[in-house]
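Trainee: Got a structure here, written out as structure tokens. Questions coming.
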Amino acid sequence: MPFRRERRPLHERLASDGGLDWRGRDDPHAGRREPEVLEPVPPRIAPALEGGHRAREWDAVRTTEEPGPPVGELDFVVVDEELVVVEGEEDVPESMLAAFEGALAPPYRVHAVRKGEALWSLGARRIELVELEDVEGEELELVVRGGSESLRTHGGGSVAGNDAALFRSVRTLKRSAEERRFRDYVVRAERIDGALWEVSITPL
């Protein structure tokens, strides 16, 4: 199950790194410095990530030296500067959460793979997020072909809500495809957290 992690805004963490006291004296995080973010690995020697992902599929690649949790892989979505949704219950180190700041604008998805006792390879790709209300299930698929539309959920779920709510969900899914001037297409959506969904569009 994914869980939400609130983060300190970027300007507050930068102020902390510069030695500025932006918090009250009683704040337990006062004076805390952020972990160092390593420089990006040049593309020609960027480590390949496991799981069939090739380097060209990522918008940015990083390496970090961080003991981290006792697992081999981590996945999380950076929604904005203050919110991260982690897939699972592991505690993702702050150095990984901040690894792509300045290189990619949120939202983006990060896949981290352990390469040694403390060495991790991280790949990040930009994603598109939308908000959908009154929808059950974890995955949706909208197919638009020849002027007809069909909306269904994966895993036996159903589309909930009245006609107005249903229309809003379909309209939201169609908007990005129409902006790309696609006539026939498939929109696939995966729930990230609550009403927040990640979408991908494939023209037909």
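Quick grid of which residues meet (1) of a type in the set (Phe, Trp, Tyr); (2) modelled with pLDDT of 90 or more; (3) in a strand (DSSP E or B); (4) not assigned by TED's automatic domain parsing to the domain that holds Asp59:
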| position | (1), (2), (3), (4) |
| --- | --- |
| Leu74 | no, yes, yes, no |
| Asp91 | no, no, no, no |
| Met96 | no, yes, no, no |
| Gly102 | no, yes, no, no |
| Ala105 | no, yes, no, no |
| His111 | no, yes, yes, no |
| Leu122 | no, yes, yes, no |
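Trainee: Taking only the stretch 106-135 into account, find how many residues are more than 11 Å from the chain's Cα centre (by Cα) and either surrounded by fewer than 18 Cβ atoms within 10 Å (Cβ to Cβ) or closer than 27 Å to Arg175 by Cβ (or both).
Mentor: Counting residues in the stretch 106-135 that are more than 11 Å from the chain's Cα centre (by Cα) and either surrounded by fewer than 18 Cβ atoms within 10 Å (Cβ to Cβ) or closer than 27 Å to Arg175 by Cβ (or both) gives 11.
Trainee: Moving on to the next point. Checking the condition part of a helix (DSSP H, G or I), of a type in the set (Val, Ile, Thr) and modelled with pLDDT under 85, which residue from Val170, Val159, Val135 passes?
Mentor: From the options Val170, Val159, Val135, the qualifying one is Val170.
Trainee: Then there is this: Looking only at the stretch 139-150, decide whether some residue is buried (at least 18 other Cβ atoms within 10 Å of the Cβ), of a type in the set (Lys, Arg) and over 15 Å from the mean Cα position of the chain (by Cα).
Mentor: Looking for residues that are buried (at least 18 other Cβ atoms within 10 Å of the Cβ), of a type in the set (Lys, Arg) and over 15 Å from the mean Cα position of the chain (by Cα), one finds none in the stretch 139-150, hence no.
The values are calculated or read from the model by the stated rules, or taken from the named source; none is laboratory data. Keep in mind that what you see is a predicted model, and the values were worked out from it rather than measured. Neighbour counts are summed over all protein chains in view; Cβ atoms, including those assigned to glycine, are modelled from backbone coordinates with ideal geometry.
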